[in-house]
Amino acid sequence: MEEKRFAVTVSDGKQAPRVTSLNITADSLFLSEVAEAVPLVTNKVRTVKLRRNRVTGLGIIIIIIIMDSNRLFLSSDQISYVGWYGLREASEARLPTWLRRFVALKGAELFVFQSPPQSSRDWVRCDARYSLYECVLRILHPQQYLDERQFCILISTADAGNLYLGGETREQLEELQRHWFRATCHAVLNLKKRSFGCTFEGSIVVLTLDVAEGVTLQDNRSSKELWKFRFSQLKGSADDGNSMLKLHFHNEEAGANETKELFCQHLPSLLHTLHAFLTAKLALLDPEYEAIE
């Protein structure tokens, strides 16, 4: 049986960091299978440095086991981030409550669990999962908090409303944001393009977002191209929150701006996907952003 040794730097914030060696067999991929190793980790642990990644507020064992399980997944479906957050749940029947949830970014999706996944089947049986290119993450300012809890983020989803999450520190939120940004860019570049059925000037059309080509509108029946713009020509947009969308483009040939008005029954999905494609395009123009294979 293959055995792997992990060098983990542990510090309780008071004493000098010490290196602890932890052996885990190839079959010991999940928490329940290495319970005997848990005593190595105490409640005094504050900071863990693992594989050059700084991880705060999570047990060493959980990080090792979950991240090592990446060898079971395709390169496009890797786990890039895991963390504990509070999920604010509100309803008309009761006061808002905070529920502890385990959040993970894996491939092109966001996963939410009640507890860390302990087998590959748990990724299918998660509480909720969302496509990253249909979500928008925003770190909130203190004046935007809904109650006394600090360090909160809002994740807007295309179909399931909003997720209001609370972290432990500002650094935790910024780390999630960095991994979210990179995972979204990977998701869009792997997706390459996405199309939506719409109506334009009374006709049924297909609006296509393409990383390489930009925004294209085609007639649904004949596939004739009606108009096409690069993402860089998109100067703004407006919508009615229901189905109407106005896209403001700069027409370089005419030297003026023009507005295209569309109607789409899946407007939230279209808007979130457009945001993700624009994010990916901006990332590719950033010289400090690492090239994505």
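The values are calculated or read from the model by the stated rules, or taken from the named source; none is laboratory data. Just so it is clear, the structure is predicted and the values come from calculations on it, not from any experiment. Every residue, glycine as well, gets a Cβ built from its backbone with ideal geometry; the counts of neighbours run over all protein chains shown. For accessibility, only protein heavy atoms count, side chains too; no ligands or nucleic acids. Shrake-Rupley method; radii C 1.70, N 1.55, O 1.52, S 1.80 Å.
What to note about this one:
- With semi-axes defined as the square roots of five times the eigenvalues of the C-alpha gyration tensor, the equivalent ellipsoid of segment 225-286 measures 20, 18, 9 Å, largest first.
- Were the residues from Asn190 through Gln177 laid out at 0.36 nm apart, the gain over their Cα-Cα distance would be 2.7 nm.
- Too-long pairs where the Cα-Cα distance tops 31 Å, listed order kept, from Lys106/Lys224; Lys193/Lys260; Lys192/Lys224; Lys246/Lys281: Lys106/Lys224
- Put simply, the C-alpha atoms of segment 166-212 give a gyration tensor, and the ellipsoid matching it has half-axes of 35, 14, 6 Å, longest first.
- When Ser75, Ser195 are compared by accessible area at a 1.4 angstrom probe, the order from most to least is Ser75, Ser195.
- With semi-axes defined as the square roots of five times the eigenvalues of the C-alpha gyration tensor, the equivalent ellipsoid of segment 82-155 measures 24, 16, 11 Å, largest first.
- Built from the Cα atoms of segment 170-293, the convex hull projects on average onto 9.5 nm², one quarter of its surface area.
- Dividing the Cα radius of gyration of segment 66-110 by its Kirkwood radius returns 1.20 for Rg/Rh.
- FRET efficiency estimate (nearest 0.05) - Cβ-Cβ, Leu154 to Arg94, R0 22 angstrom: 0.55
- Magnitude of the charge dipole for segment 78-137, about its Cα centre and with charges confined to Cβ atoms of Lys, Arg (+1) and Asp, Glu (-1), is about 180 debye.
- Given a 1.4 Å probe and the protein chains as shown, Asp68 ends up with an accessible area of around 20 Å².
- Between Ala128 and Leu282, the contour length at 0.36 nm per residue exceeds the Cα-Cα span by 52.5 nm.
- Cα Rg, Dmax, segment 98-224, angstrom units: 18.2, 57
- The string of couplings for segment 229-245 from the Karplus curve (6.51, -1.76, 1.60, θ = phi - 60°) is 9, 6, 4, 5, 8, 7, 9, x, 8, 8, 8, 9, x, 10, 9, 8, 9 Hz, one whole number per residue in order, with x for Gly and Pro.
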